Structures are given as C-alpha cells and as structure tokens.
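Here is the structure we will look at.
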Amino acid sequence: MPVILFQGDSITDCERSRQNDTNNGNGYPALVSSKLGFAYPGGHLFLNRGVSGDRIVDLYARIKSDFINLKPDIISILIGVNDVWHELSRENGVDAAKFEMIYSMLVEEILDALPLVQIMILEPFVLKASATEGDYGIFRQEVEKRAAASKRVAQKHELSFIPLQKHFDKAAKRAPASCWLSDGVHPTPAGHELISKEWIKMFEAIK
C-alpha cells in the first residue's frame with residue numbers, strides 16, 4: 001500500500017497522535033486522508049510526522065527516523081514560518097540563505113535514499129493577525145523569502161510545488177484574516193480546508 005507522509009511544523013502536527021498512526025490530528029493531513037480515503041478506499045496509508053515548533057534544521061535532524069526509515073511513496077513538506085517567527089520572538093530562526101541550503105540538502109539526501117519517492121513542497125504563508133501584526137512588514141517579507149526559496153528547491157529538483165500565499169491573500173479579501181489563520185500563522189478549520197483543497201488538486205495532477 002502506498003505511503004503518504006506529511007512533514008512540517010505545528011500547522012501539520014495539529015495534535016496528531018504519537019501512539020496511533022491512524023490519528024493524523026485535526027488539520028489538513030486529516031482532511032486529505034479522509035477525502036482520499038473516501039475516494040480511494042484502502043488505497044493509501046497516511047502518516048503524519050509534523051512536529052510543532054520545527055524549523056528546517058529540525059526537519060533535517062529527523063531525516064533518518066521520520067523520512068527515510070518510513071520509506072514513503074509520497075512526501076508532503078510544509079516548513080518555513082518558524083524559521084522567521086523564532087528569529088523575531090527569540091533570535092533562534094534560520095536565515096533565508098541557510099534555509100534554502102538545508103532544504104536542498106534535505107531533499108537531495110531523501111532522493112538519494114529513496115530515488116522513486118515523489119515530494120510535494122508546500123509554500124509557507126502568513127497573514128496579519130494577533131501574533132504577526134506587531135512585526136507584520138518584516139514577518140511577511142521574511143516568509144516570502146522562505147517561500148521563494150522553497151519554490152527554487154522544488155524547481156531545482158523537479159518537484160511539485162503548491163503555492164498557498166496567494167490563496168490565503170485572496171481568502172482574506174472575502175473574510176478577515178483570522179477567519180483563515182487564527183493568529184496569522186495557524187490555520188482555522190477553514191484555513192486547513194483551503195490547504196487540503198490545493199494539496200488534493202496537486203495530488204490528482206501528479207498521480
């Protein structure tokens with residue numbers, strides 16, 4: 001059975017179970033698994049290994065245990081906002097150049113170990129709300145740098161890239177930003193639905 005692995009930070013983690021692999025949390029991985037599980041019953045095994053607070057360096061530190069050793073057929077990666085947020089809040093972020101370098105190293109090593117794996121890179125995003133409004137100008141600018149780096153990594157390795165910022169910007173014109181990202185970073189149920197729709201759109205295009 002093909003294995004789909006979700007990787008990232010708290011946006012992916014979403015209170016997933018650490019004991020039960022069938023509990024993918026309450027975010028977009030759960031929405032994707034429910035929709036694909038209904039459309040293709042018994043067709044895939046869904047694993048969520050997102051970890052709240054992770055930056056790109058933390059993903060790289062988990063490359064063996066939480067990527068390669070799981071031998072997935074498809075890997076979905078959403079990372080980047082904490083590389084900015086942790087710098088603004090605690091001076092422990094990852095600058096844009098290092099972010100891109102390590103992201104590329106992560107992908108290269110995964111592809112070396114799992115040459116047939118498909119990797120989907122999701123674009124990091126941010127909106128102006130309670131957690132971001134104080135530094136929103138720099139927050140947005142820096143997240144956009146990580147978004148651009150993510151896209152370059154995808155292009156370099158000929159991977160699928162899922163843009164998300166433009167969709168959240170469009171959604172924020174329909175309703176306040178907090179309707180989509182509760183604090184400007186973490187998606188509401190509606191925000192997770194937005195991500196899942198774009199994820200499934202890409203999945204259907206590449207499968």
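Computed per residue of the chain from DSSP H runs no shorter than four, each worth -39500 (n - 2.57), the mean residue ellipticity at 222 nm is -15000 deg cm²/dmol. The phi torsions of region 71-84, fed into the Karplus equation with coefficients 6.51, -1.76 and 1.60 and a -60° offset, translate into couplings of 6, x, 8, 10, 10, 10, 10, 10, 8, x, 5, 6, 4, 8 Hz, rounded to whole numbers, with Gly and Pro shown as x.
Relative contact order for the chain: what is it in percent, counting Cα pairs under 8 Å that are at least 6 residues apart?
Relative contact order for the chain comes out at 21 percent.
Magnitude of the Cβ-charge dipole of region 3-206, K/R +1 and D/E -1, about the Cα centre, nearest 20 debye?
Details: 23 positive and 27 negative charges, 95 e Å.
About 460 debye.
Using equal-weight Cα scatterers in the Debye expression, the normalised intensity of region 159-207 in log10 at q = 0.31 Å⁻¹ is -1.16.
Derived scalar couplings between HN and Hα for region 160-170 equal 6, 10, 10, x, 10, 4, 5, 6, 5, 4, 5 Hz in order, rounded to whole Hz, by the Karplus curve 6.51 cos²θ - 1.76 cosθ + 1.60 (θ = phi - 60°), x for Gly and Pro. Dipole magnitude for region 155-200: about 180 debye, using +1 per Lys or Arg Cβ and -1 per Asp or Glu Cβ, origin at the Cα centre. Looking at region 126-207, the pairs of alpha carbons with a distance over 21 Å make up 34% of the total. Per residue, the convex hull around the alpha carbon atoms of region 81-185 comes to 100 Å³. Of (i) 16; (ii) 24; (iii) 10, which one was derived for percent of Cα pairs over 32 Å apart from the structure shown? Comparing each candidate, only (iii) matches the computed number.
Read-outs throughout are calculated quantities, based only on the coordinates presented, and are distinct from any laboratory measurement. Because the structure is a prediction, the values reported are computed rather than measured. All Cβ positions, even for glycine, are placed from backbone atoms using ideal geometry, and neighbour counts span all protein chains on display.
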